[in-house]
Amino acid sequence: MTAAMSLGAHESATQKAARQAKAFISIMTVVMVAFPFLGMAFQGLGLDWDIGDDDVDSVSNALAYITLALGLNIVVGFAGLLDLGYAAFFAIGAYTYGIFTAYQIMPEWSAFWDPLAAISLVEKIHRDGADVVHFTLSFWIALPLAAGISAVCGVLFGFPTLRLRGDYLAIVTLGFGEIVPIVFRNVKSVTNGAAGLNGVQAPSLFGHSFQVNPKPYYYVGLVLVFLLVLFSVRLRDSRIGRSWMAVREDETAAGAMGVDHVKAKLLAFAIGAAFAGMTGVFYVAKLQTATPDMFGFPVSVMILVMVVFGGMGSVWGVVAGAAVLSLLQTWFLPSLTNWSHGIGEAVGNRWMQKVDFAGSTELIFGIILVMTMLYRRDGLIPAARKQAALSFDAQNVQGVVRGGFNKAAAAKLLRDMPKKGGNLLEVRGVTVKFGGLVALNAVDITVPAGGVVAVIGPNGSGKSTLFNVITGLVQADGGSIKFDGAEVLGLKPHEILERGIARTFQNIRLFSNLPVLTNVLIGQHARLHTGVAGAVLNLPSASSEERTALQRAKDIAALFGNRLTPRLGQVVSNLSYANRRRVEIARALASQPKILLLDEPTAGMNPAETLELAEQIKSLNELGLTILIIEHKLDVVTQLADTVVVLDHGEKLTEGKPAEVRRNEEVLRAYLGRAATEAAHAA
Amino acid sequence: MTAVDVYLQQAINGVSLGAMYALLALGFTLVYGILELINFAHFNVFMVGSFVGLGMLELLGVMPNDPALTGLTLVGVLLLTFAVTMVFSGALGVLIERVALRPLRNIRGPASMITTIGVSYVLFNIVLLGFGADAKNFPSPLPQVQFAIGGAVLRLREILIWVISIGLMGGLTYFVQFTKMGKAMRATAQDPDAARMMGVEVDRVIITAFFLGSALAGAGGLMFGLYYNITSYVIGFQAGLRAFTAAVLGGIGNVPGAMLGGIIIGLVEAFGSYWISAAWADVIIFSILVLVLVFKPAGLLGRIAPNKS
């Protein structure tokens, strides 16, 4: 992933790790492909190790769990949506195939079915003295069909519920997971109720039915795992994967950076559901039966345990977690039970003779879940490799740089700016109320294209609310905001960013657990176009777009000299306060804005750093970028702004050139109080 | 039975169920109000409470299918059983908080919630392995006294549930509203950091919330056994989901809301089962949960605890 693309001394270590991982995966692939025949190989070598059909079947089950865990990982790990009813989608997929191949719904035969029989979707059978229809949906059609149906169910269920806060979503999904099997149990005519579907058809390939031979199922499972791993890895490293992680880390900031969070969540939910639906088809085809009890809460918990134990968000971790836990269940625990009984008999311990570990699988899973959360929250193979902090020397290679950004470099990274002269942003009569509190009262502000307008005012005067209403984070109770001639009031935050309004936050809202580079890449979300198909198929357009985006992100970081470049691979939460401010500005610049809204950008910086940043902002403006800035440090305001707007108690107090505003009595009174004003006069 | 009698009977059943759900909902609400955490372990603290009650009754020599007790013996047995069950369940809640949740308290994200699922699952499976999958008969020490109200029947067990529930909820309301600890609890729910700076021992508040909530859940579990004369390792899941729905319906974090929500959900279950089918009861209740969350997430009585996120 992008995090691995660090610089300098870390490169060789990460590359080495990547090479080792690649070698390991290659070896595992060979072993997995050869696995059903290893028994013969062992016997050929004279070893007494047998790989029987039941072993192949156990591993096939493990493969099914790996695909389920990979799907849940997209929902829980990537997008951060805790889904406790994931098995419901598994059930929907399973019943899609089951209902259309079992002997359950058998309408009377009529001419209508002839064309369907010709493409072998149905066959005519004789039951109880009449010709009836037996559905014979092909396994290979059922796989994508079930994926599609599950995804649609995911979207239908997710649409109303994904707006809910994370913890509510958990309980709603728990309920959903509970009722889907109830529905399958209650609609007896379609599903045969609790007794379940019988005679689900085995898949066949080139005219050969799989029957009950475990080997073909094993290979189908292996191919599914292979495809879904590829799918997961490519999505994770794409624009889509980054948008999920952005939503997971900070929904508000994701919106302000151009990510449509409802769409991102629905997509994660649908893709996760599709994985489960496909696995459902595979699973019932293998078992040739489906009952509602196969898809209850314990299954959802088991898949969750696999994801958590493996490492949420880590594709290989999840594969390992699911493999280890499902083989623990089928191989290790029964053996452990036998050993314990043997030792118990030898030493005369009654408990050891009686204990049944295999029957306690769920208990053991529960304990593993709690222990993982308490002692190894990142799981077996953590998603992000921890990067060592920079050495003292590396941190201090560069002091304060004067003179602003390198204009030639910055010019290439900004888009063509609107012509100077017109008004770029016009706020007219905007009012915002929070209950009885009027945060903004009919405020008018005009920002000319290419200008710098500073907003000042005491704390609580409505400055940040002004930014929030411009960027769509709070709703206005009246007024109009025109940007580049078009109304933006009422648009969603991501739509406003797309128009070219980017912002930073007073309290810094970065995606804290993601590296600097990824943060800046997410800023480009609205300017990139790669979709799921492009990312998964690794289309040339997608990969070239990704390469360009990566280079842009590095170039933007490089504007800050040596401040960010050595830290591109560092997780943002490890950075200093000033550097986090810089990352936030870099992220906003990455969205190629026409106007940049900076909310106290120099807060928490020392005077030298403040001066450095002020000059950098100035240089952006000189390249044509329009700037609206909230700032408390009046020397910064004087240095930068063409116009200063003073807010107090949600109303515009005055507006003018910095020097005028500094002398304005009302401003002095608002800031310093009456006594101070009088003292100033006296002096 | 006339239609009115049937409705009256369903109302009696519904209010009795609702009283149990309300007790369970209070535990969700207390913990959520303070920690903004959905405590899934609470589901099975209720179930464990029912088994503790069963054990206590049998320890006192009251076996399933024994004749009913009367007079002071009955009162004594019930008081002792309720007391032991509630203390045990409360202690279990405190243990869960101390061992599994406190280490994660300052971790962002779903870590704590996932842990409570794990704990819940562990409790569930311990009882399953220890007592088996079969439903257990529960002693019924209550005399078969019943009153006819028109064609409907009001049994002593229902009266008992109502009386005990009202008593416990009244006690809790008094505690939260009028004691020093209750005040500390409300302050912590508003803003834990500010409360800590004002000298509130937040750890103690949290432990108290877990103790009280779990004790009420234990009492609910015992009532479940006395009401249905049966218990099983699976009862926590259904009852828990319903009680959580009740808490959300009333306004999570809101103590009177949990009680109101509990009664409403009990009535919905009773009438829904009668009008539609008991097999669809879960589907109906779940639909209510989704509708409330989507359209009125603050619940009927609103949230007392502000949204801290």
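The values are calculated or read from the model by the stated rules, or taken from the named source; none is laboratory data. Given the structure is predicted, the values throughout are model-derived calculations rather than measurements. Note that each Cβ is placed from the backbone with ideal geometry, even for glycine, and that neighbours are counted across all protein chains shown. All accessible areas refer to the heavy atoms of the entire protein, side chains included, with ligands and DNA or RNA removed. Shrake-Rupley method; radii C 1.70, N 1.55, O 1.52, S 1.80 Å.
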| Neighbourhood charge, 12 Å Cβ-Cβ cut-off, centred on B:Met185 and excluding it, Lys, Arg +1 and Asp, Glu -1 | +3
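According to the square roots a ≥ b ≥ c of the eigenvalues of the Cα gyration tensor, what is the shape class of the range B:124-200, taking rounded for a/c under 1.5, prolate for a/b larger than b/c otherwise, and oblate for the remainder? Walk me through the numbers on the way to the answer.
Numbers: a/c = 4.26, a/b = 1.62, b/c = 2.64.
In terms of gyration-tensor shape, oblate.
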| Which order do peptides A:111-121, A:568-578, B:213-223 fall in by mean Cβ count within 10 Å, highest first? | B:213-223, A:568-578, A:111-121
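Take the alpha carbon gyration tensor of the range A:184-234, find the square roots of its eigenvalues, order them as a ≥ b ≥ c, and report rounded if a/c is under 1.5; if not, report prolate when a/b exceeds b/c, else oblate.
Details: a/c = 3.38, a/b = 1.51, b/c = 2.25.
Oblate.
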| DSSP-loop chymotrypsin sites (Phe, Trp or Tyr not before Pro) across the range A:11-57, with at most 11 other Cβ within 10 angstrom | A:Trp49
| Whole-number Å³ per residue for the convex hull built on Cα positions in the protein assembly as shown | 241 Å³
| Mean separation of Cα pairs under 8 Å and 6+ residues apart, divided by the residue count of the range A:39-119: what relative contact order is that in percent? | 12 percent
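Give me the percent of accessible area attributable to carbon and sulfur for the protein assembly as shown, probe 1.4 angstrom. List each step's numbers first, then the result.
Details: 25300 of 40930 Å².
Roughly 62 percent of what the probe reaches on the protein assembly as shown is carbon or sulfur.
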| For the range A:247-325 and the range A:426-485, distance of Cα centres in Å | 42 Å
| task | Choose one of B:Ala281, B:Gly33, B:Asn229: the residue whose Cα lies farthest towards the positive end of the charge dipole of the range B:3-295 (beta-carbon charges +1 Lys, Arg; -1 Asp, Glu; about the Cα centre). | result | B:Gly33
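Ignore the peptide's own chain and count Cβ atoms of other chains within 10 Å of each Cβ in B:99-111; give me the average, rounded. If you can, show how the numbers build up before the last one.
On the way: counts 2, 4, 2, 0, 3, 3, 0, 0, 2, 3, 8, 11, 6.
The shielding value for this peptide is 3.
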| remark: Percent relative contact order for the range B:79-227, counting Cα pairs under 8 Å at least six residues apart, stands at 44 percent
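If you take each beta carbon of peptide A:159-167 and count the beta carbons of other chains within 10 angstrom, what is the mean? Please report the intermediate quantities before stating the final value.
On the way: counts 1, 5, 4, 0, 3, 4, 5, 5, 9.
If you average over the peptide's residues, the count of other-chain Cβ atoms is 4.
Place a +1 charge on the Cβ of each Lys and Arg in the protein assembly as shown and a -1 charge on the Cβ of each Asp and Glu, then give the dipole magnitude about the Cα centre in debye, rounded to the nearest 20.
Working: 73 positive and 67 negative charges, 447 e Å.
Magnitude of the dipole: close to 2140 debye.
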| message | In chain B, once you exclude exposed trypsin sites (Lys or Arg not before Pro) (DSSP loop, at most 13 other Cβ within 10 angstrom), what's the longest stretch remaining? | response | B:109-307
| task | Would you mind counting up the charge near B:Ala68? Only other residues with Cβ under 14 Å from its Cβ, with Lys and Arg at +1 and Asp and Glu at -1. | result | +1
| If you keep only loop residues by DSSP, which chymotrypsin sites (Phe, Trp or Tyr not before Pro) in the range A:184-230 have at most 11 other Cβ atoms within 10 Å of their Cβ? | A:Phe206
| Per-residue HN-Hα couplings for the range A:24-32 [Karplus 6.51, -1.76, 1.60; θ = phi - 60°; Hz; x = Gly/Pro] | 4, 5, 4, 4, 4, 4, 4, 4, 5
| message | Cross-link candidates for A:Lys419: which lysines have Cα within less than 17 Å, leaving aside residues fewer than 8 places away along the same chain? | response | A:Lys482, A:Lys594
| field | Descending semi-axes in whole angstrom, ellipsoid equivalent of the range A:512-591, from the Cα gyration tensor | value | 25, 12, 10
| Hey, what number do you get for chain B at 222 nm if only DSSP H runs of n ≥ 4 count, each worth -39500 (n - 2.57), divided across all residues, to the nearest 500? | -24500 deg cm²/dmol
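Can you give the helix-only mean residue ellipticity at 222 nm for chain A, where every DSSP H stretch with n ≥ 4 adds -39500 (n - 2.57) and the sum goes over all residues, rounded to the nearest 500 deg cm²/dmol? Please list the in-between numbers first.
Details: 30 runs with 367 residues, N = 683.
Calculated at 222 nm, the ellipticity per residue is -17000 deg cm²/dmol.
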| Using alpha carbon centroids, what distance separates the range B:237-301 and the range B:110-168, in Å? | 18 Å
| remark: Sorted by chain and number, the residues with a modelled amide H under 5 Å from that of A:Asp648, at a separation of 5 or more or across chains, are A:Leu653
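Return the value, in Å² to the nearest 100, of accessible area buried between chains B and A (probe 1.4 Å, both sides summed). Write down the numbers at each step before the final one.
Numbers: alone 14200 and 30300 Å², together 40930 Å².
Buried: approximately 3600 Å² between A and B.
Could you work out, residue by residue across B:121-129, how many beta carbons of other chains sit within 10 Å of that residue's beta carbon, and then give the average as an integer? Before the final figure, lay out each step's value.
On the way: counts 13, 9, 2, 6, 10, 3, 0, 4, 6.
Across the residues of B:121-129, the mean count of other-chain Cβ atoms within 10 Å is 6.
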| field | Rel. contact order, % - alpha carbon contacts under 8 angstrom, at least six apart, chain A | value | 16 percent
| Among the listed pairs A:Lys463/A:Lys618; A:Lys652/B:Lys296; A:Lys263/A:Lys652, which are separated by more than 32 Å between their Cα atoms? | A:Lys652/B:Lys296; A:Lys263/A:Lys652
| query | How long, wide and thick is chain B, going by the Cα atoms along their three principal axes, in whole angstroms, largest first? | reply | 58, 43, 38
| message | Just to confirm my numbers, what's the Cα centroid distance between the range A:561-596 and the range A:65-88 in Å? | response | 31 Å
| note | chain A: longest segment with zero exposed trypsin sites (Lys or Arg not before Pro), where exposed means DSSP loop plus at most 13 other C-beta atoms within 10 Å, is residues A:421-683
